[in-house]
């Protein structure tokens with residue numbers, strides 16, 4: 001059967017029968033039948049099979065499907081042995097969705113798109129060979145981690161590794177614009193180029209002067225941030241990656257910027273077409289001072305970036321608003337306007353209720369816990385990347401007088417369910433860190449020099465997690481319970497510890513550390529490690545002790561030894577951990593996405609080419625059913641508590657989505673006096689997240705009475 005003719009076939013009909021209960025029971029066996037039919041009728045019928053491995057590899061190389069350099073780094077005997085090792089595992093997809101997603105989205109296909117050229121085992125092997133870069137022992141370990149689905153590279157990495165004709169391996173990028181036309185022009189070009197090679201782009205506009213401010217002392221000359229937003233949106237629409245996928249971007253603005261209300265209005269449904277942005281995402285950066293002013297119901301001043309930069313000698317992004325607020329207010333040389341803080345708070349909530357935007361970055365929280373010298377000013381398209389940046393100065397000829405640093409996101413994810421079964425947690429994490437290190441070391445983003453520079457100096461990676469809800473359900477633990485919070489804390493403490501160990505080992509091996517290590521909190525007296533030297537981060541309840549009984553839990557003495565090693569040898573990576581949304585790739589892993597709760601026990605997903613597919617929650621059965629509460633039926637404060645437990649150990653951020661109903665059950669939140677979702681509800685949740693130490697909030701997804709979702713995840717470029 002042709003891969004281009006997928007409608008009205010047996011496996012889709014079988015899969016759709018899951019949504020038709022029989023005697024009040026969900027016919028889960030229909031998904032297994034659909035999986036078997038898909039593998040037989042589609043995969044087996046369209047997979048090109050070769051007589052020998054040598055013939056297969058020769059064909060893939062000669063026809064420009066596979067890089068010849070990939071195989072040249074290993075002996076033929078080792079490659080043959082690795083194929084044997086992986087295929088002996090006898091990997092089996094657990095759901096129709098998992099198999100369908102892999103073969104439709106990730107498997108290498110012939111140029112005419114009519115036949116498959118690889119299985120999941122092959123893709124795993126090519127990933128392992130690629131990331132190991134000639135290291136046979138590492139290649140074997142990585143293949144073992146991936147085929148047992150303990151580790152999952154990000155979509156760009158998993159999809160492109162080893163391919164001759166490919167995109168970049170990087171998931172997303174972050175750039176900032178400074179207050180001049182040269183910077184605007186240069187960054188529009190960067191957005192075009194980065195969108196062309198793949199990956200979403202985050203852009204900070206906070207440094208730009210507001211509408212009506214002077215240009216060369218001519219008043220009312222500046223147009224503000226909205227026209228620049230339109231430029232970026234058009235750039236992403238044009239640079240659409242060979243027509244296969246629209247470019248994607250997010251723009252961030254400080255809530256203390258005078259254009260903040262105009263910025264938010266661009267996403268309103270009734271916005272004038274001249275200013276409305278349809279595909280561009282919006283995010284706001286919020287200092288602590290805003291929460292204080294809103295809590296006190298006071299007026300707040302919005303400060304002109306133009307005059308602030310003239311007074312302070314540095315871009316607006318690099319001013320600590322909370323610390324400098326009173327001085328900014330008192331300074332007559334700084335232009336300012338006044339609004340009610342709660343008015344702005346309401347506008348944010350109204351837009352979140354209507355569209356799911358804006359994302360929220362609690363920028364002081366992010367900087368307060370940042371161990372790196374420098375300032376975090378923004379985030380990415382999925383709100384989990386939080387790294388320091390430095391501004392650039394660009395000449396009229398578009399050359400850099402001073403080249404700053406920007407950010408690329410090199411992502412991968414642990415699968416909580418399977419990593420907890422790892423025979424060697426430390427070895428597993430070390431292999432993952434080394435795979436991600438190869439991505440950061442080999443990335444080429446010459447089209448955006450500031451990103452290239454930042455990547456070469458910082459060697460940043462972002463190891464995250466997926467499958468938390470699935471793990472909790474299979475162990476009959478309620479998501480959001482105290483046990484789940486404790487488990488989450490210990491799990492991410494282990495990710496932190498062992499990724500630090502690996503980064504330290506790489507620094508020792510390579511005799512190289514990230515730029516600025518010596519002035520980071522890792523080095524300056526090792527203050528980063530102080531909380532771990534108390535011995536507090538160990539399992540306390542019998543349940544959590546039992547869950548981690550097969551894994552080494554570092555003691556205060558272990559942390560002290562690590563602190564000493566880091567002081568002596570340093571760290572190779574400036575940043576190591578970040579939790580992305582894990583959208584499509586979690587399906588292949590047959591696990592829940594990221595660390596948030598599932599939204600439906602039987603998820604209905606609309607696929608463009610074929611219609612609806614139904615995906616039962618992983619390991620759904622009579623035992624797990626009571627523990628698979630939908631996110632829409634949870635008190636979001638419980639979800640925030642889980643994320644806060646992980647946040648304590650994550651040096652970057654976590655992509656936290658909040659799920660609410662337009663009609664909220666009265667018993668879900670004690671402050672509810674009516675059933676309709678209100679802006680007050682969202683205000684309360686955002687403030688609760690802030691007080692719990694949450695660094696960022698991604699979408700607000702609202703489930704409406706007619707079954708639609710407002711603010712559904714659009715982050716196709718960043719999902720892993």
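Each row is one residue, and each column tells you yes or no for (1) in a helix (DSSP H, G or I); (2) in contact (Cβ under 8 Å) with a residue 12 or more places away in the chain; (3) within 30 Å of residue 611 (Cβ to Cβ).
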residue	(1), (2), (3)
51	no, no, no
56	yes, no, no
81	yes, no, no
86	yes, yes, no
93	no, yes, yes
99	yes, yes, yes
Legend entry - Residue satisfying all of: in region 129-139; surrounded by 23 or more Cβ atoms within 10 Å (Cβ to Cβ) and in contact (Cβ under 8 Å) with a residue 60 or more places away in the chain; nearest to the chain's Cα centre (by Cα) among these: 131
Inset, instruction - Give the residues of region 206-236 that are assigned to a helix (DSSP H, G or I) and in contact (Cβ under 8 Å) with a residue 24 or more places away in the chain, sorted by residue number. - result: 225, 226, 228, 229, 230, 231, 232, 233, 235, 236
Legend entry - Which listed residue, of 358, 371, 332, is at pLDDT 95 or above, within 27 Å of the chain's Cα centre (by Cα) and surrounded by fewer than 19 Cβ atoms within 10 Å (Cβ to Cβ): 371
Inset, instruction - Scan region 420-437 and give yes if some residue there is touching a residue at least 12 places away in the same chain (Cβ under 8 Å), touching a strand residue (DSSP E or B) at 6+ places or on another chain (Cβ under 6 Å) and buried (at least 24 other Cβ atoms within 10 Å of the Cβ), otherwise no. - result: yes
Legend entry - region 518-549 - residue that is in a helix (DSSP H, G or I) and under 14 Å from residue 563 (Cβ atoms) and, of those, modelled with the lowest pLDDT: 527
Legend entry - Selection count where residues are surrounded by fewer than 22 Cβ atoms within 10 Å (Cβ to Cβ) and out of contact with any strand residue (DSSP E or B) (no Cβ under 9 Å at 6 or more places or on another chain), scope region 457-479: 5
Inset, instruction - Of the numbered conditions (1) outside any loop (DSSP other than H, G, I, E, B); (2) modelled with pLDDT of 90 or more, residue 192 fails exactly one; give the number of that condition. - result: (2)
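Condition test on residue 17, is it touching a helix residue (DSSP H, G or I) at 6+ places or on another chain (Cβ under 6 Å), outside any loop (DSSP other than H, G, I, E, B) and farther than 23 Å from residue 585 by Cα? Explain how you work it out, then say what you get.
Values: touching a helix residue (DSSP H, G or I) at 6+ places or on another chain (Cβ under 6 Å): yes; outside any loop (DSSP other than H, G, I, E, B): yes; farther than 23 Å from residue 585 by Cα: yes.
Taking the combined requirement at face value, the residue satisfies it.
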Inset, instruction - Filter region 1-27 for residues that are closer than 16 Å to residue 617 by Cα, touching a strand residue (DSSP E or B) at 6+ places or on another chain (Cβ under 8 Å) and modelled with pLDDT of 90 or more and give the result. - result: 15, 16, 18
Legend entry - Positions within region 207-241 being under 19 Å from residue 180 (Cβ atoms) and within 22 Å of the chain's Cα centre (by Cα), in sequence order: 232
Legend entry - Matching entry among 227, 214 (being at pLDDT 95 or above, surrounded by fewer than 21 Cβ atoms within 10 Å (Cβ to Cβ) and closer than 27 Å to residue 321 by Cβ): 227
Inset, instruction - Kindly provide the set of residues from region 656-667 that are at pLDDT below 90 and crowded, with 16+ Cβ neighbours inside 10 Å, ordered by number. - result: 664
Legend entry - Answer from 286, 319, 275 - the residue that is in the same structural domain as residue 223 (by TED's automatic domain parsing), in contact with a strand residue (DSSP E or B) (Cβ under 9 Å, 6 or more places away or on another chain) and closer than 23 Å to residue 699 by Cβ: 286
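Look through 247, 243 and report the one residue that is surrounded by fewer than 24 Cβ atoms within 10 Å (Cβ to Cβ), outside any strand (DSSP E or B) and at pLDDT below 95.
Only one candidate qualifies: 243.
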Legend entry - Every residue from region 269-289 that is surrounded by fewer than 20 Cβ atoms within 10 Å (Cβ to Cβ) and over 21 Å from residue 235 (Cα atoms): 269, 270, 288
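The values are calculated or read from the model by the stated rules, or taken from the named source; none is laboratory data. No experiment lies behind these values; they were computed from the predicted model shown. No Cβ is skipped: glycine too gets one built from the backbone with ideal geometry, and neighbour counts run over all protein chains shown.
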